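Bear in mind these aren't lab numbers, they're just calculated from the coordinates by the rules spelled out. Everything quoted here is computed from the prediction, not taken from an experiment. As a convention, Cβ positions derive from the backbone with ideal geometry for all residues, glycine included, and neighbour counts pool all protein chains shown.
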Amino acid sequence: MKNLARAAVLATIAVSIAACDKQDETVRSFEVAVAKEILAPKVDPDKALTEKVKEALGISEGPAYGVEVTVTDGRVTLFGAVDNSAERKRFEIIAAGVVGVRAVENRIVVDPGA
């Protein structure tokens with residue numbers, strides 16, 4: 001009977017130790033994940049949105065029609081010059097359709113010689 005009691009106690013201890021090891025492993029994994037998150041470079045949401053809008057407008061490689069894009073707090077400002085009012089409106093509509101854009105201020109001027 002004593003051997004059975006000792007075996008039960010040893011089994012309980014073994015299970016407890018195994019559970020602690022598993023818990024320690026989980027805690028370490030969590031700590032590593034948190035450290036990676038803290039050390040990861042932070043993405044500027046306005047910069048990322050600027051790139052998305054430029055890509056949608058087809059000016060990600062450089063200014064097209066002399067149009068530039070700035071973003072502040074999700075609000076897009078378009079400025080520059082285009083040949084006609086249809087192009088001006090097209091830029092505004094495309095920019096407004098990009099996910100994350102909260103508002104568009106269209107400062108593009110129409111210059112037939114642009």
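For the peptides 50-57, 98-105, 37-44, 85-92, what is the packing order when you average, over each peptide's residues, the other Cβ atoms within 10 Å and list the highest mean first?
50-57, 85-92, 98-105, 37-44
Taking H as built 1.01 Å from N, whose amide H comes closer than 5 Å to the amide H of GLU105, not counting residues under 5 places away?
When sequence neighbours closer than 5 places are left aside, the close amide H contacts are VAL76, THR77, LEU78.
Report the FRET efficiency, 1/(1 + (r/R0)^6), for GLU61 and ALA40, where r is their Cβ-Cβ distance and R0 is 30 Å, rounded to 0.05.
The formula returns an efficiency of 0.60 here.
Explain nothing, just the number: relative contact order of the stretch 45-110, from Cα pairs under 8 Å at least 6 residues apart, as a whole percent.
The normalised contact order for the stretch 45-110 reaches 34 percent.
For SER29 and VAL99 in the same chain, what is the full-extension length gain: residue separation times 0.36 nm, less their Cα-Cα distance, in nm?
Values: separation 70, 0.36 × 70 = 25.20 nm, distance 3.39 nm.
Contour length minus the Cα-Cα distance gives 21.8 nm.
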